[in-house]
Amino acid sequence: MKLYGYYRSSATYRVRIALNIKGIEYENTFINLKDGEQHQEDYLKINPQGLVPSLEVDGCIFTQSMAILNYIEECYPQPSLLPGDLEQRTHIRSLAQIITSDIHPLNNLRVLKYVEHELKITDLQKKTWYQHWIHEGFIAAEKILQKAPKHQYCLSDTPSLADICLAPQIYNAERFNCNLGAYPLLQEKYANIMKLEAFERSYPDNQKDAV
Ligand SMILES: N[C@@H](CCC(=O)N[C@@H](CS)C(=O)NCC(=O)O)C(=O)O
């Protein structure tokens, strides 16, 4: 398997965590988003959206991190990223989607570039925008965790899709100096998941392309 990604890309970070949880060997091809390598012709042949991650398996290329996570889960069901009964699994998916559908797309690099260069907002406005969407999502996520606060990780006692999505989003929040004081459960779960080797190995700063 070959993972096309960038150390600080949260969508790539999600896939790294899943591969590491499942113990799947993979090689990396680094796409430097800062240098715009995602827009180069060669990479656009791999991912026509010009986004990372992409995962190559036996000559077949998959894009979109959540589709890739589903693929990994279906091919390597153990340990499951969707533990528990249907109700629990649905809450896990819900938390994952708050992050992947309602926070991350609004704060992605291309969106930030657009508001900065096309709409000419200031650095302060950009930071306000970024933090706003994180807080909106995290307020809801914290409330979801309040309904099942006793789990070791977000919504289960083994790491799930929700944890896989949370870790990168907290990394981003910290990068943009978001105050996470209002989210004690998110912080507690994050501290627990980051003790796991699969998460530690996947951490952006521990990647070979980290600068
Ligand atoms: N929904 C996509 C989002 C992928 C995405 O936005 N990737 C970001 C990095 S986290 C990217 O490649 N950004 C490049 C850009 O905005 O130019 C997924 O989950 O894979």
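The values are calculated or read from the model by the stated rules, or taken from the named source; none is laboratory data. Worth saying up front: this structure is predicted, and the values here are computed from it rather than measured. We place every Cβ from the backbone using ideal geometry, glycine too, and count neighbours over all the protein chains shown. Remember, those area values only see protein heavy atoms, side chains included, never the ligands or the DNA or RNA. Shrake-Rupley method; radii C 1.70, N 1.55, O 1.52, S 1.80 Å.
When you check G5 against the structure, is it over 30 Å from P83 (Cβ atoms) and touching a helix residue (DSSP H, G or I) at 6+ places or on another chain (Cβ under 8 Å), yes or no? Let's see the steps before the verdict.
Values: over 30 Å from P83 (Cβ atoms): no; touching a helix residue (DSSP H, G or I) at 6+ places or on another chain (Cβ under 8 Å): yes.
In short, no.
Within this structure, E27 passes the test of being among the acidic types (D, E), surrounded by fewer than 14 Cβ atoms within 10 Å (Cβ to Cβ) and touching a strand residue (DSSP E or B) at 6+ places or on another chain (Cβ under 7 Å).
Would you confirm whether or not segment 39-50 contains a residue that is under 21 Å from I103 (Cα atoms) and within 16 Å of the chain's Cα centre (by Cα)? No; the residues of segment 39-50 include none that is under 21 Å from I103 (Cα atoms) and within 16 Å of the chain's Cα centre (by Cα).
Restricting segment 62-80 to residues that are of a type in the set (G, A, S) and either surrounded by 13 or more Cβ atoms within 10 Å (Cβ to Cβ) or at pLDDT below 95 (or both), which is nearest to the ligand (Cβ to nearest atom)?
First, the residues of segment 62-80 that are of a type in the set (G, A, S): 65, 67, 80.
Subset that is either surrounded by 13 or more Cβ atoms within 10 Å (Cβ to Cβ) or at pLDDT below 95 (or both): 65, 80.
On the way: S65: 3, S80: 20 Å.
That would be S65.
Every residue, every condition in (1) under 18 Å from the mean Cα position of the chain (by Cα); (2) at pLDDT below 95; (3) closer than 12 Å to N172 by Cβ, yes or no:
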{"site": "I98", "(1), (2), (3)": "yes, no, no"}
{"site": "P105", "(1), (2), (3)": "yes, no, no"}
{"site": "L119", "(1), (2), (3)": "no, no, no"}
{"site": "F138", "(1), (2), (3)": "yes, no, yes"}
{"site": "E142", "(1), (2), (3)": "yes, no, no"}
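Just give me the residues in segment 90-105 being free of Cβ contacts under 8 Å to residues at least 40 places away in the same chain and either touching a strand residue (DSSP E or B) at 6+ places or on another chain (Cβ under 8 Å) or within 8 Å of the ligand (Cβ to nearest atom) (or both), in sequence order. P105, the sole residue that qualifies.
Looking at segment 11-22, can you tell me whether even one residue there is of a type in the set (F, W, Y) and open to solvent by less than 10 Å² (accessible area, probe 1.4 Å)? First the steps, then the outcome.
First pass over segment 11-22, keeping only residues of a type in the set (F, W, Y): 13.
If we keep only those that are open to solvent by less than 10 Å² (accessible area, probe 1.4 Å) as well, we get 13.
Scanning segment 11-22 turns up at least one residue that is of a type in the set (F, W, Y) and open to solvent by less than 10 Å² (accessible area, probe 1.4 Å).
Among the residues making up segment 133-161, those that are of a type in the set (A, V, I, L, M), part of a helix (DSSP H, G or I) and either open to solvent by less than 20 Å² (accessible area, probe 1.4 Å) or over 16 Å from R89 (Cβ atoms) (or both) are I134, I139, A140, A141, L145, L161. Please go through segment 193-211 and give me each residue that is farther than 24 Å from F30 by Cβ and open to solvent by less than 30 Å² (accessible area, probe 1.4 Å), ordered by number. Of everything in segment 193-211, just one residue is farther than 24 Å from F30 by Cβ and open to solvent by less than 30 Å² (accessible area, probe 1.4 Å), namely I193.
Could we say that L33 is hydrophobic (A, V, I, L, M, F, W, C), in contact (Cβ under 8 Å) with a residue 40 or more places away in the chain, under 30 Å from R89 (Cα atoms) and near the ligand (Cβ under 10 Å from one of its atoms) here? Break it down stepwise before answering.
Details: hydrophobic (A, V, I, L, M, F, W, C): yes; in contact (Cβ under 8 Å) with a residue 40 or more places away in the chain: yes; under 30 Å from R89 (Cα atoms): no; near the ligand (Cβ under 10 Å from one of its atoms): yes.
In short, no.
Evaluated against (1) open to solvent by 60 Å² or more (accessible area, probe 1.4 Å); (2) under 26 Å from K147 (Cα atoms); (3) over 19 Å from the mean Cα position of the chain (by Cα), G59 falls short on exactly one condition, (2). For segment 106-132, the set of residues classified as open to solvent by 50 Å² or more (accessible area, probe 1.4 Å), within 12 Å of the ligand (Cβ to nearest atom) and either touching a Ser or Thr at 6+ places or on another chain (Cβ under 8 Å) or not charged (D, E, K, R) (or both) consists of L106, L109, Y114, listed by residue number. Scanning segment 169-184 for residues that are touching a residue at least 12 places away in the same chain (Cβ under 8 Å) and either assigned to a loop (DSSP other than H, G, I, E, B) or aliphatic (A, V, I, L, M) (or both) yields I170, A173, F176, N177, C178, L180, A182, Y183.
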